[in-house]
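Notes to accompany the following structure.
Throughout, read-outs are computed from the coordinates displayed, never taken from laboratory work. Treat the numbers as computed from the prediction; the structure is a model and nothing was measured. Quick reminder, even Gly has a Cβ in these numbers, built from the backbone with ideal geometry, and neighbours come from all protein chains shown.
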Amino acid sequence: MDNTNPLGRGLDQLLGGSGSPTASDTAPTSTSASGAGDVVASAGTLGKWTPFGGVGWTNYGSSPYIKLDNGVQANAGMDYRVAGSDNVGVAYNYRQRIATRGAAQSEVTAYWAHKFNDRLRLQGQATGGMSNGSPDWGVGTSVNYAF
């Protein structure tokens, strides 16, 4: 990937730098990465019930200013089709601590989703945190429209 941002990641001014790019800052830099990408597996549904889950690992990278560790994340849940257009479900999400003074994230989310048609879907959700790295609680809604 090429990084052509003259201030690198844009932190120079925030951290008290001059904010003026140098000749070496304006030249594009290139780097590469290798390794396994996303691996996805899926299975058919079990009647009105659909179990789901996933496990992943992320290389977050670091900067001279913020040290981040790589981390594992996982999720598991169950979806239930209440009617032809309505689903309810619950999901558990976990993410390993990625900063020395940070905390792991651990939270449970319950949701309801209504599919109006093949293009329009409405979802509401409530989340409860189970660790210091997660919000105590949260509510949200989303509208999805497929073009």
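Structure values in brief
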item	result
Unit charges on C-beta of K, R, D, E only; dipole of the range 38-145, Debye	60 debye
Where trypsin sites (Lys or Arg not before Pro) fall in DSSP loop in the range 64-147, at most 13 other Cβ within 10 Å	LYS67, ARG101, ARG119
Residue-span extension gain [SER85 to ALA146] - 0.36 nm each, minus C-alpha spacing	20.3 nm
At most 15 other Cβ within 10 Å, DSSP loop - chymotrypsin sites (Phe, Trp or Tyr not before Pro), the range 40-108	TYR60, TYR65
Cβ-defined net charge surrounding SER134, 11 Å radius [Lys, Arg +1; Asp, Glu -1]	-1
Largest-first principal axis extents of the Cα set of the range 40-147 (Å)	51, 30, 29
